[in-house]
Amino acid sequence: MEYYLGIDVGSVSTNLVLMSEDEEVRQDVYLRTAGQPLRAVQQGLLEIAQQQDDDLQISGVGTTGSGREIAGVFVGADVIKNEITAHAIGAIKLIPDVRTVLEIGGQDSKIIILNDGVVVDFAMNTVCAAGTGSFLDRQASRLGVDIEDFGRLALQTDNSVRIAGRCAVFAESDMIHKQQIGHSNPAIVKGCCDALVRNYLNNVGKGKDIRPPIVFQGGVACNEGMIAAFEEELGCEVFVPEYNKVMGAIGSALLAKEDMQHEPRPTSFRGFGLHSMDYNTDNFECEDCPNRCEILEIYIDGDLAARWGGRCDRWDRTDTVSVEEKAVGADN
Amino acid sequence: MKITFPRLGTVHVGLKSVLEDLGHEVVVPPRITEETVNLGAKHAPETACFPLKINLGSFLEVFREHPDVDMIVMAGGVGPCRFGYYFRTEQDILTDLGYGHVNWVVMEPPRGNLRQSLDSLGALNDGCSTWQVAAALRLGWRKLVAMDDILKTVHRVRAHETQRGAASRIFRAAVTQMENADSLQEVDQIARQTLRRLQNICREDDGDTVRVAIVGEIYVSMEPGANLHIEEALGYLGAEIHRTIMVTDWAKENILLDFLRWDSRGKDHKEAAKPYLNHFVGGEGQASVGSTVLLADAVDGVVHLMPFTCMPEIVAQSVMPQVSKDYDVPVLTLVFDEHTGRAGVLTRLEAFVDLLRRRRRKKGQRSIG
Amino acid sequence: MSAVSRNADGVSVPRVGFCRALLYHIQWDFWKEYLDGLGAEIVLSPPTSKEMLSDGLKLAVDDTCLPVKAFYGHAQWLTTEAVDFMLVPRLVSLEKHTYICPKFMGLPDMIRTAVAGPPPVIDPKIDIRQSALRQRASLMNAASDMGFSPRSAREAIQQAGSPYRRKMRTMSSRVKPALKCGHSSSKQSAMKMAVLGHPYLLADDVTSAGLMWALADMDVKPVTLESVDDEILQEYLQDLPKKVFWSEGGRLLAAARHFSRRDDIDGIIQVNAFGCGSDSLLGEEAQRRVRQEGSCPILSVSLDEHSGEAGLLTRLEAFCDMVKRKKQ
């Protein structure tokens, strides 16, 4: 059996999925990125290597997420794709005729509109924290509620306290205020979910043609209060996939499979041995043209493994251009 | 007089040539970089438009290196877009910062005041004969036209280059050569050579090329330093670009032909925009809408560029969803200011090109089946 | 509610909706006389409410200014009122060689796109650059689009007069209640402050976050540019190195200079909507000129949907306290 690996490196979490040729998830790993994307990727590879047979055959690797580039050169990815495409592909796998994908992660959120299995519109929000997982985490801990129970709490009441949801700072001070005047925790939590949904739909969802079937994914999709709030606001059922937290990684694995079958070739994957290798990164400014690109380098076990970050392909290859040539400028 | 002027796309190639031929010393502002942007944003009003901030930062960079620059030449305007008022705001700020000695020559559109326009032209001519002036203008103009032709070719071939960055290198070389060219023949020769070199670097079109139109506000459309070099990024993603406004189009409409009240390309755009935006709203607002309508069938998608708080483009952005729906053409609006991050823009562009490519394949399959 | 209403003769007349926002605060008197003259039944949206504003926020693009967002909310409200037409005039220019703002010029188109299933939007154009004849034709066409006879249209235009006359005066009649509220107790106000902002912002309690009332509570008598003779403002405007091509923005700039020279004015408060184009450049110029004139304190507040009322109050209070101390 052949396997494909999907890696989604986000600012908050790093997820890996091992997918079989017949597109079944064999293993999924969900880790905190904690500011060290490559360390997280190594940890993920280790966990997979520990659970799987030694002769596991990987036929293709895809990376996505905001750290897709660095993770891609590190592991030797065959496909490096943005998270919109990856999440859309993941959702289509679950519901082939999906029209809307709502995705709320740790620090960003997005909406994807599809028609006939093709992305026709999308929007993403990476500026405001008011509609994301980290905001919910924070509020749960402030109310002294475990994040796992946070959403369930909202289902205990029909009462919702109106909370200003346009901005994280105002939402928080509003919640504190409501708490102080004696509203119950469930009502506040429900109010918080309602506000988040309103905020999401007014921001990333503005002007978007939202139609069922709707898939809700990302870390926040575990939250039952949020699911209920979306269903109430949109007036239709919202599907949450079993693997909602790792849909980007699933999409990425599917993209790798699609690409490797479209253009058959051996994978560039460096292997699971990566998990125990030493790596370090370096960077320099290319002075070859006025663009002054910042070139990043990654060394694995002391050897230059990859360079990236340039707008032209001058530094893309590691085999032919030696470090001395940096200063010379081979361009004519 | 030591003269400088705002940097915008390839404008400097022609303008430097004209001013030098009129006997002036010219300082071309350095390329627009993040530093230019930060410098401008630091001194400009917070919600002033992005082009104004860049302009200001660019002038400050010039003064830092060349404190003896004593004249700024720039275009004016009569509203309602803020562009026409830039020089007043910039003049005030630069005076506060100790550059009050600078003479400003502002080319107001003749429509505003013909007399004033002629006077400002006169201020730039120091003893040259009419014949000399005409020759200088002719050479400068030919350079701009040639650069536009070259850039249009770059927009197309970058999607097919075999070596990433090759088209950009050839383009940069052409800019330098063109700046130094001093006869019409030389200009034509450089143009021919460059176009030939560009043809030689591409591989064959595999039929999978995505075509993207770029519409929107003039400055962020034409100046790569303002739009985080998205033309290059789109090219590397395999997308051919059709930009609706080039330097010479803009110059024709706003400076040269304005007094004839003749729009070289505006008529069609206006007609096409009418069902969605039935009035001029300043700047390129109506043209952005009109171009989208006109190009809907010729391209796979439209990228609409605007500076944050740009009034005309906000109006355009407001009506764009209807155009996109009626003509079934995806539109991606990107808003730029000093806070815009390159990573976010690149992810959106990549996702957009993916979207267009998949749509295209789907349509292809359907038409075959 | 029935969509068909009848006039005294039992003839059905169209219900025409008008938004109580933006240009309403500049030239409502003209449009009211025009519609009355036609014999239309006027449905005027109520003063902006928080709900209307939040509807507007949903419909308008994020980067537009708060008053425009509020206008969308008013238009949305009118769609629930079974009006036959929505009158959204296209305001281009009220004075020679000037404009209002691009958003006013595109407003009817923006409403057509964003508000779901609006009644037909009727958009007569007000543009002083055009000949009187064309202006008249635009108003005639609008009337005929709403099904009125040319005769009644002629009479209505006759009755309403020119849309350009003394508009600032008619606006002030609407700002007055807000301006008066503070000193109804006839108590001598401790301070007199010039409040400079577009009328559609100042006269709308919700978009201006109740600023006028808050000032009154602080014992401040607000003075606006409507109290200044237009000739005085024009004099200041002539004195500028470049003609300002936004008529309203230019007036605010001129008024700032005028007030800064007046002894009876203790301070100037600039109120602008975040993202307002003309204010972004002219507001700063006004501050610069006021500083050059001398020592008149100036505060600038910017309003958007994110700014909390509490923060605004604190800033106003701090400014007024400071001015008061200085005065004593």
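Please treat every number below as a calculation from the coordinates, not as lab data. As the structure is a computational prediction, the values presented were derived from the model and not from experiment. Backbone-built Cβ (ideal geometry, glycine too); neighbour counts: all protein chains shown.
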Worksheet, complete the sentence: Sorting A:L255, A:M124, A:C193 by the position of each Cα along the dipole of chain A (Lys, Arg +1; Asp, Glu -1; all at Cβ), the one nearest the positive end of that ordering is A:C193
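Ignore the peptide's own chain and count Cβ atoms of other chains within 10 Å of each Cβ in B:42-52; give me the average, rounded.
Average per residue, whole number: 3.
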Worksheet item: Residue by residue through the stretch B:98-103, which ³J(HN,Hα) values in whole Hz follow from phi under the Karplus form 6.51 cos²θ - 1.76 cosθ + 1.60 (θ = phi - 60°), with glycine and proline marked x?
Response: x, 10, x, 6, 6, 8
Worksheet item: GNM, chain B, Cα, under 10 Å: largest mean-square fluctuation among B:G216, B:G40, B:G23?
Response: B:G23
Discussion item. Using only Cα atoms and rounding to the nearest 10 degrees, what angle (0 to 90) does helix C:167-180 make with the longest principal axis of chain C?
Written reply: 60
Worksheet entry | 222 nm mean residue ellipticity, helices alone, for chain C (DSSP H n ≥ 4; -39,500 (n - 2.57); rounded to 500) | -15500 deg cm²/dmol
Worksheet item: Near the amide H of C:L196, under 5 Å away, which other amide H atoms are found, from residues 5 or more places off or on another chain, if H is placed in the peptide plane?
Response: C:I269, C:Q270, C:V271
Worksheet item: So for the pair A:N115, A:L304, with labels modelled 7 Å out along Cα→Cβ, what separation do we get in nm?
Response: 4.9
Worksheet, complete the sentence: Listed by chain and number, the residues whose amide H is under 5 Å from that of B:V26, excluding neighbours fewer than 5 places away on the same chain and using placed H, are B:I3
Worksheet item: How many partner chain Cβ atoms sit within 10 Å of a residue's Cβ in peptide B:331-338, on average, as a whole number?
Response: 1
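Roughly speaking, what is the stretch gain from B:E46 to B:V175, that is 0.36 nm per residue apart minus the C-alpha to C-alpha distance, in nm to one decimal?
Contour length minus Cα-Cα distance gives 43.1 nm.
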Item to complete: Run the quick spin-label model on C:S131 and B:Q189: label points 7 Å from Cα toward the beta carbon, then report their separation in nm to one decimal.
Response: 5.7
Worksheet item: Using a ≥ b ≥ c from the Cα gyration tensor of the stretch A:261-315 (square roots of the eigenvalues), is it rounded, prolate or oblate, where a/c under 1.5 gives rounded and otherwise the larger of a/b and b/c decides, a/b for prolate?
Response: oblate
Worksheet item: How far is helix A:247-262 tilted, in degrees, relative to the longest principal axis of the Cα atoms in chain A, given as a value from 0 to 90 rounded to the nearest 10?
Response: 40
Worksheet entry | Links that overshoot a 21 Å alpha carbon limit, given the list B:K270/C:K96; C:K221/C:K326; C:K69/C:K221; A:K110/A:K245; A:K257/B:K362 | B:K270/C:K96; C:K69/C:K221
Practice prompt. Distance between Cα centroids, the stretch B:272-297 to the stretch A:1-61: provide it in whole Å.
Written response: 48
Worksheet item: What residues from the stretch A:50-65 fall in the zone where the backbone N is under 13 Å from a label point 7 Å along the Cα-to-C-beta line of A:Q27?
Response: A:50-58
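What does the charge add up to near C:M322, with Lys and Arg as +1, Asp and Glu as -1, over the other residues with Cβ less than 15 Å from its Cβ?
Value of the local net charge: +1.
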Item to complete: Provide the gained length on full extension for the span A:F284 to A:Q51, in nm with one decimal, where the gain is 0.36 nm per separating residue minus the Cα-Cα distance.
Response: 80.0 nm
Item to complete: Report the label-to-label distance for A:H262 and C:K32 in nanometres (one decimal), using points 7 Å from each Cα along the Cα→Cβ vector.
Response: 6.4
Worksheet entry | Charge-dipole axis of chain C as Lys and Arg at +1 and Asp and Glu at -1 on Cβ define it, positive-most pick from C:A70, C:H258, C:M212 | C:H258
Discussion item. Quick check on the protein assembly as shown: of the DSSP beta bridges with both residues there, what percent are antiparallel, nearest 5%?
Written reply: 40
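Considering only DSSP beta bridges where both residues belong to the stretch A:96-240, give the percentage that are antiparallel (nearest 5).
Bridges in the stretch A:96-240 are about 65 percent antiparallel.
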Worksheet item: From the phi of every residue in the stretch B:163-173, what ³J(HN,Hα) in whole Hz does the Karplus formula 6.51 cos²θ - 1.76 cosθ + 1.60 yield, where θ is phi - 60° and glycine or proline is x?
Response: 10, 4, x, 5, 5, 5, 5, 4, 4, 4, 5
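What is the calculated FRET efficiency for B:Q163 to B:K363, with r their C-beta to C-beta distance and R₀ = 41 Å, to the nearest 0.05?
In this case the efficiency is close to 0.85.
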Practice prompt. Evaluate the charge dipole of the stretch B:209-369 about its Cα centre and quote only its size in Debye, nearest 20, assuming +1 on the Cβ of each Lys and Arg and -1 on the Cβ of each Asp and Glu.
Written response: 820
Item to complete: Sort B:62-71, C:218-227 for me by packing, meaning the mean count of neighbouring Cβ atoms within 10 Å per residue, highest on top.
Response: C:218-227, B:62-71
Discussion item. How would the protein assembly as shown be classified by its alpha-carbon gyration tensor: rounded, prolate or oblate, with rounded meaning a/c under 1.5 and the a/b versus b/c comparison settling the rest?
Written reply: oblate
Worksheet item: How about B:K42: which lysines have a C-alpha closer than 21 Å to its C-alpha, ignoring those fewer than 8 places off in the same chain?
Response: B:K53
Worksheet item: Relative to the first principal axis of the alpha-carbon coordinates of chain C, what is the inclination of helix C:132-145, with its axis defined by its Cα atoms, in degrees from 0 to 90 and to the nearest 10?
Response: 60
Discussion item. I want to verify a result. In a Gaussian network model of chain C, Cα cutoff 10 Å, which of these has the top mean-square fluctuation: C:Q130, C:Q27, C:Q287?
Written reply: C:Q130
Practice prompt. Give the calculated FRET efficiency between C:D304 and C:D219 to the nearest 0.05, with a Förster radius of 41 Å applied to their Cβ-Cβ distance.
Written response: 0.90
Discussion item. Please state the shape class of the stretch C:186-321: rounded when a/c is under 1.5, otherwise prolate if a/b exceeds b/c and oblate if not, all from the C-alpha gyration tensor.
Written reply: oblate
Practice prompt. May I have the pair-distance distribution P(r) for the stretch B:209-369, computed from all Cα-Cα distances with 10 Å bins from 0 and rounded to whole percent?
Written response: 11, 40, 35, 12, 2, 0
Worksheet item: Under a Cβ-Cβ cut-off of 11 Å, what is the net charge of the residues other than B:D182 that fall near it, where Lys and Arg count +1 and Asp and Glu count -1?
Response: -3
Worksheet item: So, counting K/R as plus one and D/E as minus one, what does the shell of residues with Cβ under 12 Å around B:H66 add up to?
Response: -3
Discussion item. Taking each residue in B:71-83, count the Cβ atoms of any other chain within 10 Å of its Cβ, then average. What number comes out?
Written reply: 4
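Take every DSSP beta bridge with both residues inside chain C and express the antiparallel ones as a percent of the total, to the nearest 5.
Just about 5 percent of them are antiparallel.
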